[in-house]
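Here the structure is laid out as structure tokens; the discussion comes afterwards.
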Amino acid sequence: MRIIYPGPVTLVDPTAHPLVFTGQRGERFQVAVLEDDLFRIQHWPDGRPRMDRTWMVSGDGGDVPREGRRRDDLSPFSLPDFDLDASDASVQLRSRQLHLDISLDDPCLHWSDAEGRPFAQDLGRRAYAYDRANRAVYHYLERRPGEHYFGFGERSGPLDKAGRRMRMFNVDALGYSAEHSDPLYKHWPFYITFIPELQIAYGLLYDNLATTVFDMGAELDNYYPAYRYYQADDGDVDYYLIYGPTIQEVVAKVSNLTGRPALPPRWSLGYLGSTMSYTEAPDAQDQLVQFVKLCAEHRIPCTLFHLSSGYGTSDEGKRYVFNWNLKKVPDPKALVDSFHQAGIRLAANIKPCLLTSHPRYDEVASVDGFIQAADADEPELSTFWGGQGACIDFTNPDAYEWWRQRVLDRLLTFGIDATWNDNNEYTIWDDEARCAGFGQPLRVGLIRPLHSLLMARASR
């Protein structure tokens with residue numbers, strides 16, 4: 001580990017936008033005023049971005065192309081005019097709602113509202129640290145007494161995460177403790193800070209898909225005031241400060257920034273049945289049809305049933321995605337029809353990892369459709385549901401299309417209504433494993449959670 005704290009920075013051109021600052025070791029900082037209440041800060045330790053695309057911040061229409069959106073594309077934003085004052089020691093930016101003072105000898109950012117009330121401040125002498133040897137990047141902020149921190153996606157513990165340390169690494173945390181377990185399934189590097197005495201809320205969205213740690217006051221250091229920090233194992237610091245000033249306004253603004261979810265169908269709000277026991281049984285189809293009859297008998301208004309992965313097991317019990325076990329389910333079309341006649345839809349379980357014994361394994365491998373090992377021209381293997389398997393590389397167009405076709409010819413052709421995209425945490429332990437990356441090979445450590453998103457997109 002070789003932690004470096006950038007020293008003085010120099011403003012390159014006060015008339016440019018974004019504003020660019022350079023460090024003594026070639027670091028590059030950028031500050032952009034995207035809206036009066038939305039500023040963006042970027043720190044590139046290498047002087048250039050390690051990832052030039054985003055899948056987190058949406059463009060026009062509230063969505064992101066499959067191959068991502070260029071990070072330097074500022075067209076979705078109004079880019080309002082702002083006031084700028086620069087000296088040898090500092091730079092001040094002022095929009096209608098935010099004031100930002102940048103100390104050039106550190107660098108260190110100080111945030112105030114339009115009335116001049118300070119509400120956030122970087123930690124001096126340490127704000128934008130990075131590990132030159134191992135790619136990790138950090139952002140340190142001072143921590144005010146009584147601040148509350150809300151967000152971070154699916155997390156255990158209390159709603160307010162003050163004093164917590166959390167790691168974002170997608171794992172299938174079956175049976176987790178709702179009080180203590182960490183990490184869990186999701187990657188959501190966003191949180192809201194609420195300051196009671198000022199009644200000010202603001203959000204910080206870190207646009208980075210690498211494994212992340214948020215420390216909200218668990219760590220103490222006698223040589224610094226109270227602080228909190230963000231750490232990513234790879235990539236750059238690229239964050240958006242979203243000013244509320246209320247929590248409700250921050251939520252509305254961040255959802256506008258990332259894109260909002262599609263309106264769910266009404267039936268998805270009903271009773272959705274699920275059990276593994278039916279599809280694990282040797283007479284799975286009979287068991288499933290019996291469930292339909294029992295719902296009618298007991299007047300249970302079920303709107304959808306989750307077809308667990310047992311419908312696709314081999315005779316040895318191995319789970320093979322898109323592989324109907326015709327001994328357990330001899331007539332998939334008739335099975336689906338029996339549910340539909342009762343007004344119940346079916347969602348079939350599908351998993352993006354193929355065991356090496358899967359009958360279609362070689363079919364995917366022939367187009368390099370799996371994530372590849374870091375140091376060999378072969379798939380990266382991971383432990384998965386009873387054996388060793390390889391994960392579909394959804395950044396490979398051939399693999400993406402292979403998946404789409406299998407959803408069509410192995411599920412939708414029988415009348416299946418929806419897919420249950422399961423076990424797509426991509427818990428691959430070698431960050432150096434290689435992805436096709438849409439023509440630009442990428443380390444899996446840079447984009448691990450992206451595969452969950454692209455799997456869902458391909459299935460849809």
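Of all positions in the range 385-394, none carries a residue that is at pLDDT 95 or above, open to solvent by 10 Å² or more (accessible area, probe 1.4 Å) and among the charged types (D, E, K, R).
Of all residues in the range 11-67, exactly one satisfies the criterion of being of a type in the set (Asp, Glu) and touching a strand residue (DSSP E or B) at 6+ places or on another chain (Cβ under 6 Å), namely 37.
Residues that are polar (S, T, N, Q), assigned to a loop (DSSP other than H, G, I, E, B), modelled with pLDDT of 95 or more and within 26 Å of the chain's Cα centre (by Cα) do not occur anywhere in the range 247-269. Checked against the criterion of being of a type outside the set (D, E, K, R), within 27 Å of residue 448 (Cα to Cα) and touching a Lys or Arg at 6+ places or on another chain (Cβ under 7 Å), the range 120-132 has no qualifying residue.
Every condition in (1) under 30 Å from residue 432 (Cβ atoms); (2) open to solvent by 10 Å² or more (accessible area, probe 1.4 Å); (3) among the acidic types (Asp, Glu) is met by residue 207 except one, and the failing one is (2).
Considering the range 47-68, the residues that are under 22 Å from residue 26 (Cβ atoms) and not small (Gly, Ala, Ser) include one that is farthest from the chain's Cα centre (by Cα), namely 48. For beta carbons closer than 8 Å, sequence separation of 6+ or different chains, a first residue in the range 322-339 that is closer than 23 Å to residue 363 by Cβ and in contact (Cβ under 8 Å) with a residue 12 or more places away in the chain and a second that is aromatic (Phe, Trp, Tyr) and assigned to a loop (DSSP other than H, G, I, E, B), the qualifying pairs are 332/324. Taking the range 348-363 as the range and being in contact with a strand residue (DSSP E or B) (Cβ under 7 Å, 6 or more places away or on another chain) and over 28 Å from residue 336 (Cα atoms) as the test, only 356 passes. Just one of the listed residues (114, 127, 133) is small (Gly, Ala, Ser) and open to solvent by less than 20 Å² (accessible area, probe 1.4 Å), namely 127. Tell me, yes or no, whether the range 220-235 has at least one residue that is in a helix (DSSP H, G or I), open to solvent by 10 Å² or more (accessible area, probe 1.4 Å) and farther than 30 Å from residue 339 by Cα. Scanning the range 220-235, I find no residue that is in a helix (DSSP H, G or I), open to solvent by 10 Å² or more (accessible area, probe 1.4 Å) and farther than 30 Å from residue 339 by Cα, so the answer is no. If I filter the range 280-292 for residues that are surrounded by fewer than 13 Cβ atoms within 10 Å (Cβ to Cβ), more than 17 Å from residue 331 (Cα to Cα) and not aliphatic (A, V, I, L, M), do I get at least one hit? No, because not a single residue in the range 280-292 is surrounded by fewer than 13 Cβ atoms within 10 Å (Cβ to Cβ), more than 17 Å from residue 331 (Cα to Cα) and not aliphatic (A, V, I, L, M). Among the residues of the range 209-219, those identified as closer than 17 Å to residue 131 by Cβ and in a loop (DSSP other than H, G, I, E, B) are 210, 211, 219.
Just for the range 369-384: of the residues that are among the acidic types (Asp, Glu) and modelled with pLDDT under 95, which one is farthest from residue 419 (Cα to Cα)? If we take residues in the range 369-384 being among the acidic types (Asp, Glu) and modelled with pLDDT under 95, then 375 is farthest from residue 419 (Cα to Cα). Within the range 92-107, the residues that satisfy the criterion of being open to solvent by 50 Å² or more (accessible area, probe 1.4 Å) and more than 14 Å from residue 21 (Cβ to Cβ) are 94, 96, 97.
When residues in the range 136-185 are screened for being touching an Asp or Glu at 6+ places or on another chain (Cβ under 7 Å) and without any contact (Cβ under 8 Å) to a residue 40 or more places away in the chain, 3 of them pass.
I'd like to know if the range 438-456 contains one or more residues that are assigned to a loop (DSSP other than H, G, I, E, B) and open to solvent by less than 20 Å² (accessible area, probe 1.4 Å). Among the residues of the range 438-456, not one is assigned to a loop (DSSP other than H, G, I, E, B) and open to solvent by less than 20 Å² (accessible area, probe 1.4 Å), which makes the answer no.
Would you check which residues across the range 337-366 are within 23 Å of residue 396 (Cβ to Cβ), of a type outside the set (Gly, Ala, Ser) and over 27 Å from the mean Cα position of the chain (by Cα) and list them? Hits for the range 337-366 are 356, 358, 359, 360, 361, 362, 363.
The values are calculated or read from the model by the stated rules, or taken from the named source; none is laboratory data. A quick note: this is a predicted structure, and the numbers were derived from the prediction, not measured. With ideal geometry, Cβ positions are generated from the backbone for all residues, glycine too; neighbour counts draw on all protein chains shown. Protein only, heavy atoms only, side chains kept; ligands, DNA and RNA dropped before computing areas. Shrake-Rupley method; radii C 1.70, N 1.55, O 1.52, S 1.80 Å.
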